[in-house]
Amino acid sequence: MKNYIKIFALTSLFVLGSCSDDFINNEPYTDKVEDNFYKTPEDAFEGLVAVYDVLQREGYGGWLLTTEIASDDCYGGFGTADNNVSLEWDRFQFSSDKEMNKPVWETCYMGIYRANILLENIGNVDWGSDEDLKVRYEAEARFLRAHFHFELARVFGDIVALDHTLTADEFESPRSPAEVTYALIAEDFKFAADNLGSENYSQPSNANYGRITKWAAEAYLAKAFLFYTNYYNATDLAGVVSKSEAVTYINDVVNNSGHDLIGDFASLWVASASSLEVPYAGEGNTEMVFAIRYNSTGNGDWNLHEGNRFQVNIAVRGGNLGPYAQGWGGATVTPALFNAYQAGDTRRDATIIDFAGEGLDFDAETRGQRQFTGYAWKKFCPITNEAGEGLVSANGGDFQIDNYEDYPVIRFSDVLLMAAELNLDSNAGFAQTCLDRVRERAFGDDTHNVTASMENIMTERRLELALEGQRYFDLIRKGMSTAKTAIDASGMGGEFDVNFRTETQGWFPIPQSQILLSNGAMQQNPGWN
């Protein structure tokens, strides 16, 4: 049976009475609407900014939080008096809140909708002689559309792939087969990779700082290739990108992008740098290939989405503690992740807060912390100032919504590890070099290097990219048995027992509202009924 989804668009209806035909036929004088908006390059730029804006809507229930909780690196956490949703993400249950994954669904489709609006109207703009600007805006919009499709497809499996805005008779559209969705993803990323210039916008002083680059598109193509070909046991990316092309793209990023590893891993994150007393590299460092940018200019305005609303979720519960500012204590880190690091690996203490090891007096019962393991996120944790006040609050912001640290979607170390994986069979020497670069930065020497093998590369991905939204997908793309072996947990007591259910095929449950809107035509993902 085909699965169907009904997507409703809300429009404002105005009842006009006693109006002349002239009034009805006139264009709006003051309001910007689609019919009179996309006329100038400035209009197109505003439309593009609106697509970028959706990236910042990452918070509770979002893509990063839920997928990290689902992995073997985090439990559900949060407070003892909080609802059980975080426990259900962790334990692969679906009972207390049938809309638990709605934020991911809504945010991604919002981004796709905005991208499609711009792409459908880009031909209406008077570009004059600047055809290159038109191509650039199209490339950026298509990259973002692919990004949102890729997030949806990795979480929900078969989704509705949308290369246009829906008309009224398309509100019940079939969920696209994976090869259709990934063909659109591949074509969009490929268009961006082939049509954007070779600039590197990683420095804040650059006027285009933070925008999509050719290098980000090439790296994302490799990431999509690896997930699709692994999970679906395919030889190419939906018939659009072959393995040799994927290798060419990722090697181009390694060799020609200008991106590089920074010297000290701990310098990448504010809390890591602060707690370990090393210089903070800043958000505009050369390792960031594609990052979601945040700032603190919202100053407590909940109507704006300028700040990082994710950080409060994983920050220390119950008040500031040492250099770490307060939050909700979500996604407590598993001892398994902490213990996976070898002695001498600088990444462990830059990634994870070890309460006992750092001499922090954290009373889980007093603070109402659920599933306390002794470990928490150091990456992305907000910090205090010298007076022990939360830095954001001390500067007039709201600690819940005005944190400002960027979220790196793709770092250069990820690029190196993807290059190692993709070159393993065809260029073993290059694969080894790429893996060695990551290991040598982590240990500060070359005596800890290991042979480039698939097992070692996947282990390195876990350690290097922990708590960055990569682990769960690295597990499920290697198969359900691999995911179950890693994620299943027992032995710490019932509060920590986790049973990964292979019948779900790794997909999350679709929000129940979508099932209801389809009048039963759309079926829930396997294992969630």
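If we keep just the residues of the range 298-353 that are assigned to a loop (DSSP other than H, G, I, E, B) and charged (D, E, K, R), which is farthest from G374 (Cα to Cα)?
From the range 298-353, those assigned to a loop (DSSP other than H, G, I, E, B) are 298-307, 309-310, 315, 318-320, 322-323, 325, 328-329, 331-332, 334, 341-346; that's our starting set.
Those left that are additionally charged (D, E, K, R): 301, 306, 309, 345.
On the way: D301: 34, E306: 32, R309: 24, D345: 19 Å.
Per the stated criteria, the residue is D301.
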| message | So in the range 234-246, with the set limited to residues that are among the hydrophobic types (A, V, I, L, M, F, W, C) and over 23 Å from the mean Cα position of the chain (by Cα), which one is surrounded by the fewest Cβ atoms within 10 Å (Cβ to Cβ)? | response | A234
| Looking at (1) modelled with pLDDT under 95; (2) touching a helix residue (DSSP H, G or I) at 6+ places or on another chain (Cβ under 8 Å); (3) not basic (K, R), which is the one condition that is false for L226? | (1)
| Considering residues of the range 29-61 that are in a helix (DSSP H, G or I) and modelled with pLDDT under 95 only, the residue surrounded by the fewest Cβ atoms within 10 Å (Cβ to Cβ) | D35
| said: Among the residues of the range 432-443, are any within 16 Å of L422 (Cβ to Cβ) and among the small types (G, A, S)? | reply: no
| task | Could you tell me whether any residue of the range 331-354 is at pLDDT 95 or above, touching a Cys at 6+ places or on another chain (Cβ under 7 Å), among the polar types (S, T, N, Q) and within 23 Å of W63 (Cα to Cα)? | result | yes
| request: Could you grab me the full set of residues in the range 410-440 that are closer than 17 Å to D264 by Cα and aliphatic (A, V, I, L, M)? | output: L416, L435, V438
| query | What are the residue pairs meeting all of these: first residue in the range 233-255, first residue touching a residue at least 24 places away in the same chain (Cβ under 8 Å), second residue charged (D, E, K, R) and assigned to a helix (DSSP H, G or I), Cβ atoms under 6 Å, and 6 or more apart or on different chains? | reply | A238/E179; V240/E187; Y249/E218; D252/E218; V253/E218
| Which of (1) on the phi < 0 side of the Ramachandran plot; (2) modelled with pLDDT of 95 or more does G157 not meet, given it meets every other one? | (1)
| remark: Filtering the range 427-469 down to residues that are over 30 Å from T332 (Cβ atoms), without any contact (Cβ under 8 Å) to a residue 12 or more places away in the chain and among the acidic types (D, E) yields E440, D445, D446
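Would you be able to tell me the number of residues in the range 263-287 that are without any contact (Cβ under 8 Å) to a residue 60 or more places away in the chain and either more than 20 Å from G359 (Cβ to Cβ) or not in a loop (DSSP other than H, G, I, E, B) (or both)? Steps first, answer last, please.
If we filter the range 263-287 for residues that are without any contact (Cβ under 8 Å) to a residue 60 or more places away in the chain, which is where we start, we get 267, 273, 277-281.
The next check asks that each one be either more than 20 Å from G359 (Cβ to Cβ) or not in a loop (DSSP other than H, G, I, E, B) (or both); those that pass are 267, 273, 279-281.
So the answer is 5.
Please verify whether L463 is under 26 Å from C381 (Cα atoms), aliphatic (A, V, I, L, M) and surrounded by 16 or more Cβ atoms within 10 Å (Cβ to Cβ), treating the condition exactly as stated. I'd like the intermediate steps shown before the answer.
Working: under 26 Å from C381 (Cα atoms): yes; aliphatic (A, V, I, L, M): yes; surrounded by 16 or more Cβ atoms within 10 Å (Cβ to Cβ): yes.
Considered against the rule, which asks whether it is under 26 Å from C381 (Cα atoms), aliphatic (A, V, I, L, M) and surrounded by 16 or more Cβ atoms within 10 Å (Cβ to Cβ), L463 comes out as yes.
Confirm whether L424 is more than 30 Å from V316 (Cα to Cα), free of Cβ contacts under 8 Å to residues at least 60 places away in the same chain and in contact with a helix residue (DSSP H, G or I) (Cβ under 6 Å, 6 or more places away or on another chain). Don't jump to the end; show me each part of the working.
Numbers: more than 30 Å from V316 (Cα to Cα): yes; free of Cβ contacts under 8 Å to residues at least 60 places away in the same chain: yes; in contact with a helix residue (DSSP H, G or I) (Cβ under 6 Å, 6 or more places away or on another chain): yes.
So L424 passes the test.
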| task | All but one of (1) among the aliphatic types (A, V, I, L, M); (2) surrounded by fewer than 22 Cβ atoms within 10 Å (Cβ to Cβ); (3) touching a Phe, Trp or Tyr at 6+ places or on another chain (Cβ under 8 Å) hold for I314, so report the exception by its number. | result | (2)
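Mind checking whether some residue in the range 183-206 is in contact with a Gly (Cβ under 7 Å, 6 or more places away or on another chain), aliphatic (A, V, I, L, M) and either part of a loop (DSSP other than H, G, I, E, B) or over 22 Å from M458 (Cβ atoms) (or both)? Please lay out each step first, then the result.
We begin by selecting, within the range 183-206, every residue in contact with a Gly (Cβ under 7 Å, 6 or more places away or on another chain); these are 183, 200-204.
So of that shortlist, the ones also aliphatic (A, V, I, L, M) come out as 183.
From the residues that got through so far, the ones that are either part of a loop (DSSP other than H, G, I, E, B) or over 22 Å from M458 (Cβ atoms) (or both) too are 183.
Yes, the range 183-206 contains at least one residue that is in contact with a Gly (Cβ under 7 Å, 6 or more places away or on another chain), aliphatic (A, V, I, L, M) and either part of a loop (DSSP other than H, G, I, E, B) or over 22 Å from M458 (Cβ atoms) (or both).
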| note | Taking the range 359-380 and the residues there that are assigned to a loop (DSSP other than H, G, I, E, B) and touching a Pro at 6+ places or on another chain (Cβ under 9 Å), the one that is surrounded by the most Cβ atoms within 10 Å (Cβ to Cβ) would be T373
| query | Quick check, is G469 surrounded by fewer than 17 Cβ atoms within 10 Å (Cβ to Cβ), closer than 24 Å to A219 by Cα and either of a type in the set (D, E) or modelled with pLDDT of 95 or more (or both)? | reply | no
| Every pair of residues 6+ apart whose Cβ atoms lie under 9 Å, when the first sits in the range 179-192 and is farther than 11 Å from A161 by Cβ while the second is buried (at least 24 other Cβ atoms within 10 Å of the Cβ) and of a type in the set (S, T, N, Q) | A192/T213
| request: Report yes if some residue within the range 208-228 is under 21 Å from K478 (Cβ atoms) and outside any helix (DSSP H, G or I); otherwise report no. | output: no
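The values are calculated or read from the model by the stated rules, or taken from the named source; none is laboratory data. Quick caveat: nothing in here was measured; it's all calculated off a predicted structure. Cβ atoms come from the backbone with ideal geometry, glycine included; neighbour counts cover every protein chain shown.
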